[in-house]
Structures are given as structure tokens and as C-alpha cells.
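S.K.: Here it is: the structure, laid out below.
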Amino acid sequence: MMRDENHHLKNLTRRHFFQQSSLFGIGSVALSAILNERLFAGTTGANMRPDGGLHFAPKAKNVIFLFMAGAPSQLDLFDYKPALQKFDGQPCPEELIKGERFAFIKGVPKLLGSPHSFKRYGECGAELSNLLPHLAKIVDDVAIVKSLHTTQFNHAPGQIFMNTGHQIPGRPSLGSWLTYGIGSENKDLPGFVVLLSGKNQPDGGKSCWGSGFLPTVYQGVEFRSKGDPVLFLSNPPGVEMETRRRSLDLLRDLNSDHLADVGDPEIATRINSYEMAYRMQSSVPELAEISKEPQHIHEMYGTEPGNASFANNCLLARRLVERGVRFVQLYHRGWDTHGASNNEDIVNKLAHLCRETDRAAAALVQDLKQRGLLDSTLVIWGGEFGRTPMNEARSGSKFLGRDHHPRAFTMWMAGGGIKPGITVGATDDVGYNIAEDAISVHDLHATILHLLGIEHTKLTYRFQGREFRLTDVEGLVVKKLLA
């Protein structure tokens, strides 16, 4: 009798259930789903429509996020303040900074006018700094958002928050949520690709493009613009493709047996990773050959094939979305202009950073537009927070610089259902607080998901006993941005 009871309990265990269903049950179904090409072409996440569709008709199919790690100074690029010029060098009004926490400012700081000139450009009449001459040429194609705010004022948590909706590592990134929700259109490339301008990662590290508690198949895959695009993708010397295929078939069979035995979804991810790597051996080298682009394209972007650069990555991003990659994120470090030296001030360093990025970012928008891709590709430019209207003057430094400022900062967006040639939001006379149309990070994320046909409250994933989402427990779509 006791043996019969134990046998009945055994049949109820999860492990035994997967064992018994290995041939015709859930184990095989899971493996089939993982190996099916729809994993990278239209996968649906929790609470999507039963027929695998979106919540409503999307305006955008792809996203390119140009992430300026370090926080660009909005007051020296986009948000001109005559009052700052007028009261330059005067002590900051006490009512603005009473009880305020800063990353580095000590004592009573002094207001700092921009050392750069501003003019109005385009039919929309947007004011831009002289540091952005190429953006000025396409300003009628972009929407400038001057009223973003965040809860974080240090780089690592600020970058993680901007990318995942939460300041602590461990949550899925925006790109991961998108590929989990709607997949990719190319079975031979990852749905989420990350491009770094240099060797260094942003302060937030790989948490900025991690999959968090989602299966790791949805995390960002780093591509390089110099050397092998993906490390360890090539076969070792002496290993032929046929040999590689036989090895992968054996690994697949062993992992399939293990998956049927224990039911761990990460085993399915491992199987898919091997298969994706095999397919990428053919698709990635051709994709990364930007040298084959016409000369006028290289002149437009300022690319130098063979070198690692932001310009090369912008061109590569266009080639990726052309091939159906859902989310491409470019990281360009160095925007942390505190003014402690001439290597991090808002005069020399900021001008240098703009020379590195302005031409290529504008070319990307132009290139997408001339190819008919801008309407379906959402381009986003910005960092994790803004800079203060006051001079930091750390340790008495004579170089001009600004501290971290989470209360108000600027980003721009183009294509993918964004209304072009508009400015949304405004700050007060000195750019300290938002005066009109405050937009949180969760509002930004809700708007991005909306443009891709996703109702942000319905894209969820159950973890540790509750439903999680990118926008946490808030977030409103910014309707003024919608075309």
C-alpha cells in the first residue's frame, strides 16, 4: 500500500512528468518551439493576443537607440537659457537647491551660462547649439523632448534605470522585453544587438542589455565593428563546417535528452544559442562588411571601415534593421563633463564628443529616410540624465563643467510614428526644473512600446510570484509625440 502511494506521488512530480512526456509531451513541445524559427520571427510574450498578433497596429517595427553614456549636457546642446547667460557667475537662488542632493557640488554653486552659441533651424525653428551642425540639417525630421526626468543621479543606476525601468541590476532590458514580446524578423540574426564604440562598457555594464529573469535567449548580443563581429563565432583552424554541423547535432541531441529529463528552459536556450551561432557564421560576415557600401554612404556617415567607431556602428545599425533585427542599441561613452580638467569639460570635451557622433547620427536618420525605412524604424538619442545649470567647480577647478542632474534633461526621437519637427516639454528659466509636460522614464518606455503595437501594461512576465513589466507600476503614453 505504501509503495502504491509513493508510486502515485512519483507520478505527480515535475521531474517524472517531464521524463514521461519526453517523446510526445511538453518536453518535445518546448524543444520544438525553441528550435522553431518563429522564436526569432514573431515570438509572442505573456498576455499578447492569442493569435500571436500585437495589441494594436504598430507604427514602428524596429528600434535603434543611440545611447550617450555619461549624460550629455542638455543646456549646451538643446535647451538654451538666456537667463543663464544673463546671470552667469551669480550664486544659484537658494530656493532652487534647498535640501537638494548633488553628486559632487559642494556649498553654494554659481550659475553657468553656456559657452556655446545657439540658433534656430529648420521650418520648425528648433534652437540648437553650434556643436550640432548636422542635426540642424535634419531637425524637421526629429522630435526634441526637453522635459524628461529620472529618479537616479549616479551613472550606473541611472543607465540601468533608463534601460530596464529599475535601478537595480536583474530586470530585463527594453530590447529584451521587445524580443520576448514580438520576436525578430530574421531567424539568422539575434533579435537584439548591442554595439559599443570602444572597448569600454557603460558604467551600468551588461545589465543594461541583459535579459534579467527572462530566458537568456532574449539578452542583447554584442557585435564589434573591428575584427570578428562576434567573438568565438568562427570555427577553429582545421575544423570544417561539416564537422561543426555534426558536433552541433550531437550536442543538440544530448541537450534535448537533458531538457526532456529536467525541463529547465535554460537548456532550451543553450540549444538555440548553438544553432543561432551556426547560422550566424554565414549571415554575420556579410552583414559586417560595411566596406562594400558605396562611397557616398561612407562620406555621409564619416565611416572608416576596419576601425571601431560610432560612425561605423551607425551604418551597421542601418544594415541590421534592414535585415529585420528588432532592437539595436549603440553605446558611446564619455559624456560625463564635470569640468575637473579640459578632458571632461563642456568646452573642449563636449565639442569633441559632438564631432564624433553628430554627423553619423544625422546620417543614420537621412539614410533610413531615403531608403523608406524611417517610417518603420524608431531612432532614439539620449543618455541617463542631464547636467546642472550650475558650474560644478570641483576642488576649485577653472574648467567649466556641470554636475549630474536628474530633474530635467533632453532626448530626441525620429521615425517610427513620432511626429516630426516638434519640441515637447519645457524647463524653467534656468533649466533646473520641468515647467511643462513632465515625462518620466516609464512614460518614455510606455511610448516606445506603444509605437511598436504593445500596450505596456499587458506585456508581463510572471516571476517570484507576481507579474513584472518594463514600466513597473506606472507609465503613460506621451500622445504629443505621436504622429
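The values are calculated or read from the model by the stated rules, or taken from the named source; none is laboratory data. Just so it is clear, the structure is predicted and the values come from calculations on it, not from any experiment. Positions of Cβ are generated from backbone atoms using ideal geometry, with glycine treated the same way; all protein chains shown enter the neighbour counts.
S.K.: Under 20 Å from Gln152 (Cβ atoms) and not in a loop (DSSP other than H, G, I, E, B): is that true of Phe65 in this structure?
M.R.: Criteria met by Phe65.
S.K.: Of all residues in segment 112-154 being part of a strand (DSSP E or B) and touching a Gly at 6+ places or on another chain (Cβ under 7 Å), which is nearest to His166 (Cα to Cα)?
M.R.: Across segment 112-154, the extreme among qualifying residues is Ser147.
S.K.: Give me the residue from segment 373-400 that is closer than 24 Å to Leu96 by Cα and of a type in the set (Ser, Thr, Tyr) and, out of that set, modelled with the lowest pLDDT.
M.R.: Ser395
S.K.: Among the residues in segment 128-140, are any small (Gly, Ala, Ser), in contact (Cβ under 8 Å) with a residue 24 or more places away in the chain and at positive phi?
M.R.: No, there is no match, as no residue in segment 128-140 is small (Gly, Ala, Ser), in contact (Cβ under 8 Å) with a residue 24 or more places away in the chain and at positive phi.
S.K.: Which of the residues that make up segment 282-303 are at pLDDT 85 or above and assigned to a helix (DSSP H, G or I)?
M.R.: Ile290, Ser291, Lys292, Gln295, His296, Ile297, His298, Glu299, Met300, Tyr301
S.K.: I'm checking my understanding of the structure. Among residues of segment 82-141 that are surrounded by fewer than 18 Cβ atoms within 10 Å (Cβ to Cβ) and touching a Cys at 6+ places or on another chain (Cβ under 8 Å), which one is nearest to Asn342 (Cα to Cα)?
M.R.: Going through the qualifying residues, I end up with Lys110.
S.K.: Now for a separate question. Under the condition of being hydroxyl-bearing (Ser, Thr, Tyr) and surrounded by 16 or more Cβ atoms within 10 Å (Cβ to Cβ), which residue from segment 290-334 is nearest to Asp203 (Cα to Cα)?
M.R.: By that ranking, first place goes to Tyr331.
S.K.: Now, a different point. Select from segment 452-479 the residues that are surrounded by 15 or more Cβ atoms within 10 Å (Cβ to Cβ) and not in a loop (DSSP other than H, G, I, E, B) and write down the one among them that is nearest to the chain's Cα centre (by Cα).
M.R.: Arg469
S.K.: Out of the residues in segment 202-233 meeting the condition of being surrounded by fewer than 13 Cβ atoms within 10 Å (Cβ to Cβ) and not aliphatic (A, V, I, L, M), tell me which one is modelled with the highest pLDDT.
M.R.: Gly227
S.K.: One residue is enough: does segment 437-451 have a residue meeting the conditions surrounded by fewer than 15 Cβ atoms within 10 Å (Cβ to Cβ) and assigned to a strand (DSSP E or B)?
M.R.: no
S.K.: Further question on the same structure: Being farther than 22 Å from Lys480 by Cα and modelled with pLDDT under 95, is that true of even one residue in segment 140-162?
M.R.: Yes, the conditions are met somewhere in segment 140-162.
S.K.: Something else: Are any residues in segment 357-375 of a type outside the set (Val, Ile, Thr) and touching a His at 6+ places or on another chain (Cβ under 7 Å), and if so, which ones?
M.R.: Those that are of a type outside the set (Val, Ile, Thr) and touching a His at 6+ places or on another chain (Cβ under 7 Å): Asp358, Arg359, Ala362.
S.K.: Among the numbered criteria (1) in a helix (DSSP H, G or I); (2) more than 23 Å from Pro109 (Cβ to Cβ); (3) touching a Leu at 6+ places or on another chain (Cβ under 9 Å), which one does Val325 miss?
M.R.: Val325 satisfies all of (1) in a helix (DSSP H, G or I); (2) more than 23 Å from Pro109 (Cβ to Cβ); (3) touching a Leu at 6+ places or on another chain (Cβ under 9 Å) except (1).
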